[in-house]
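Chemist: Pasting a structure here, questions to come.
The values are calculated or read from the model by the stated rules, or taken from the named source; none is laboratory data. If you're wondering where the values come from, they're calculated on a predicted model, not measured in any experiment. Here the Cβ positions follow ideal geometry from the backbone for every residue, glycine too, while neighbour counts run over all protein chains shown. The area values use the complete protein model at the heavy-atom level, side chains included, leaving out ligands, DNA and RNA. Shrake-Rupley method; radii C 1.70, N 1.55, O 1.52, S 1.80 Å.
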Amino acid sequence: MNAGTTPETSAQPRTPWGTITVVYLGGVVAAMSLGKFSPVGPAVAAELGLSLAQLGWVISTVVGVGAAVGLPAGYLIRRLGAERSLVAGLALTAVASAAGAVASGYAWLLTARGIEGVGYLLVTIACPALIVRLARERDRGTALSIWATFVAVGLGASTLAGGAVGAAIGWRGWIGVLAGLTLVMALVVWVRLPRGSALRPEAGPVPRVRALAWPGLLAAAFCLAVLVTIPVLVLLPTLLVERYGHSAASAGAVTAVISLLSALGGVTVGMLLRRGTPVGVLASAGLLTLPAAWLMFGGHGSSPAALTGAAVISIENGFLGALVIAALPLVLERLDHADVGNGVVAQAGSIGSLLGPPLFGLVAEGLDLQALVPVIAVGIVISVGVLLLVGRRTSQTLPTV
């Protein structure tokens with residue numbers, strides 16, 4: 001152990017995994033709200049008279065907020081404190097969700113969803129910033145990699161629970177239940193997190209543009225990875241129905257299972273980082289996306305081949321996302337820049353999530369599905385190349401506290 005880690009060890013003998021679990025669950029509950037309309041979308045559209053385009057905006061508005069103001073939100077959280085921001089984000093999500101449950105039309109629902117997006121953004125930036133401060137250095141990469149699975153777990157839980165609860169008590173009842181769950185989670189976090197300055201390192205200067213150069217590079221790699229992997233899961237049901245003759249129900253169920261596999265990628269990164277595997281070596285695994293893309297869109301495969309390709313891409317989505325989040329503390333000038341750094345990463349990921357599906361749709365309609373293979377290849381190769389560069393950086397320097 002080097003001298004630089006001694007103060008941390010003496011001040012924090014063990015990583016408080018119980019508290020980190022509470023922070024993680026806060027993110028999972030927020031992610032459940034992110035995907036809450038997917039299982040009840042048809043019922044919402046029918047009752048409120050929404051078109052498919054309007055329903056799409058309701059679903060995607062939360063991500064749109066992150067794409068627009070992720071970085072400013074990072075600076076806001078730095079000012080307010082990650083602890084208060086997490087509680088406020090969950091409470092805001094709960095209140096907005098409750099307002100959406102009694103919506104009478106499109107404008108009301110969209111406004112509530114926009115407010116919910118602000119709460120979700122606060123949660124997704126505050127949680128990893130808290131984990132950076134809670135975890136010991138040797139556990140930090142593992143904890144952040146596990147955190148990176150929150151979206152997959154939250155969306156999976158929302159899909160499973162929303163379908164059952166929505167069928168039993170209606171879509172308004174489902175959203176109301178989720179609002180209550182989110183409020184309870186806000187109270188649990190408020191009670192469990194240490195008060196005052198217990199989690200806060202001594203504050204340094206506000207990070208300027210130069211201090212965000214490496215986090216920005218990491219965020220760019222994340223944006224590209226999301227841009228070319230998320231749309232694969234969006235297109236999968238259509239591919240299964242139109243090319244391989246699956247029923248809509250079967251295609252939806254298979255897609256839900258494959259989407260959950262991204263959590264496996266995040267857990268794998270955590271295990272490998274704990275064993276000391278360098279960031280650059282892990283980044284190279286992202287190239288497995290290339291043969292997977294050919295299996296899925298090459299045009300000469302079977303349904304099992306396409307599903308295998310989709311599964312690999314889903315795992316790689318979680319793998320690369322977790323690697324970015326885990327590597328972020330290693331390229332910060334100071335650990336107390338984690339809130340702003342996570343704002344940069346959150347904004348980049350949201351931009352990729354927003355732009356990817358329409359880009360893939362344009363390519364598929366203008367050319368054909370096989371044309372998506374080089375699109376994926378270019379995005380992944382550049383993303384992996386940037387991560388390899390970041391890997392060299394992480395092997396040379398460590399941030400100060």
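Chemist: In the neighborhood of L295, defined by Cβ-to-Cβ distances under 14 Å, what is the net charge if each Lys or Arg adds +1 and each Asp or Glu adds -1?
Modeler: 0
Chemist: A follow-up question, please. Which one of A107, G74, S60 has its Cα pushed farthest toward the positive end of the charge dipole of segment 4-114, where Lys and Arg give +1 and Asp and Glu give -1 at the Cβ?
Modeler: Going by the Cα projections, it comes out as G74.
Chemist: Separate question: Can you send over the solvent-accessible area of L330, 1.4 Å probe, protein chains only, in Å² to the nearest 10?
Modeler: About 50 Å², ignoring ligands and nucleic acids.
Chemist: For the chain, return all DSSP H helices satisfying: extent of Cα atoms along own axis at least 27 Å; mean Kyte-Doolittle hydropathy at least 0.0.
Modeler: On the way: long enough: 52-80 (39 Å, 1.26); 82-101 (28 Å, 1.16); 106-134 (41 Å, 1.32); 150-192 (34 Å, 1.56); 213-242 (44 Å, 2.10); 303-331 (41 Å, 1.61); 338-366 (41 Å, 0.86); 372-394 (32 Å, 2.03).
Helices meeting the criterion: 52-80, 82-101, 106-134, 150-192, 213-242, 303-331, 338-366, 372-394.
Chemist: Roughly speaking, to the nearest percent, how much of segment 20-109's 1.4 Å accessible area is carbon and sulfur?
Modeler: 74 percent
Chemist: May I ask for the percentage of alpha-carbon pairs in segment 35-176 that lie more than 24 Å from each other?
Modeler: Percentage above 24 Å: 35.
Chemist: Follow-up. Please quote Rg/Rh for segment 226-380 to two decimal places, taking the Kirkwood radius as Rh and restricting both calculations to Cα atoms.
Modeler: 1.01
Chemist: Counting only Cα, what are the radius of gyration and maximum Cα-Cα distance Dmax of segment 244-294, in Å?
Modeler: Taking only Cα atoms of segment 244-294, I get Rg and Dmax of 15.1, 45 Å.
Chemist: Next question. Give, as ranges by residue number, the residues of segment 152-189 whose backbone N falls under 18 Å from the point 7 Å along Cα→Cβ of R84.
Modeler: Answer for segment 152-189: 186-187, 189.
Chemist: In µm²/s, what is D for the chain at 25 °C and 0.890 mPa s, where D = kT/(6 pi eta Rh) by Stokes-Einstein and Rh is the Kirkwood radius from Cα pairs?
Modeler: Rounded to a whole number, D works out at 115 µm²/s.
Chemist: With +1 assigned to the C-beta of every Lys and Arg and -1 to the C-beta of every Asp and Glu, and no other charges, what is the dipole magnitude of segment 251-401 about the Cα centre in debye, to the nearest 20?
Modeler: Magnitude of the dipole: close to 440 debye.
Chemist: Let me ask another. Quick check on the chain: helices-only [θ] at 222 nm, where DSSP H runs of length 4 and up contribute -39,500 (n - 2.57) each and the sum goes over total residues. Nearest 500, please. Provide the component values of the computation, followed by the final result.
Modeler: On the way: 16 runs with 316 residues, N = 401.
Mean residue ellipticity, 222 nm, calculated: -27000 deg cm²/dmol.
Chemist: By how many nm would the segment from A213 to S303 grow when fully extended, if each residue of separation counts as 0.36 nm and the alpha-carbon distance is taken off? Show your work: numbers first, answer last.
Modeler: On the way: separation 90, 0.36 × 90 = 32.40 nm, distance 4.31 nm.
Separation in residues times 0.36 nm, less the Cα-Cα distance, equals 28.1 nm.
Chemist: If you average the sequence gap of Cα pairs under 8 Å that are 6 or more apart and divide by the length of segment 250-401, what percent do you get for the contact order?
Modeler: RCO, segment 250-401: 36 percent.
Chemist: Also, I was wondering about something else. How high is the relative contact order of the chain, in percent, with contacts defined as C-alpha pairs under 8 Å that are six or more residues apart?
Modeler: 25 percent
Chemist: Also: So, counting K/R as plus one and D/E as minus one, what does the shell of residues with Cβ under 13 Å around V44 add up to?
Modeler: That sum, taken over residues with Cβ under 13 Å, equals +2.
Chemist: Quick one: putting +1 on the C-beta of Lys and Arg, -1 on the C-beta of Asp and Glu, what dipole do you get for segment 57-143 around its Cα centre, in Debye to the nearest 20?
Modeler: Using Cβ point charges on Lys, Arg, Asp and Glu, segment 57-143 gives about 280 debye.
Chemist: L109: net charge of surrounding residues, Cβ under 15 Å, Lys/Arg +1, Asp/Glu -1, itself excluded?
Modeler: Counting the neighbours of L109, the net charge comes to +1.
Chemist: Another question about this same structure. Rounded to the nearest 20 Debye, what is the dipole magnitude of the chain about its Cα centre when Lys and Arg each give +1 and Asp and Glu each give -1 at the C-beta?
Modeler: On the way: 22 positive and 14 negative charges, 205 e Å.
Charge dipole of the chain: 980 debye, to the nearest 20.
Chemist: Let me ask you something else. With the radius of gyration and the Kirkwood radius both derived from the Cα set of segment 188-313, what is their ratio Rg to Rh?
Modeler: A ratio of 1.12.
Chemist: Put +1 on the Cβ of each Lys and Arg and -1 on the Cβ of each Asp and Glu in segment 261-401; which of G265, S302, G379 then has its Cα farthest toward the positive end of the dipole?
Modeler: The Cα lying farthest towards the positive end belongs to G265.
Chemist: If contacts are Cα pairs under 8 angstrom and at least 6 residues apart, what is the relative contact order of segment 61-205 in percent?
Modeler: Dividing the mean separation by the residue count of segment 61-205 yields 34 percent.
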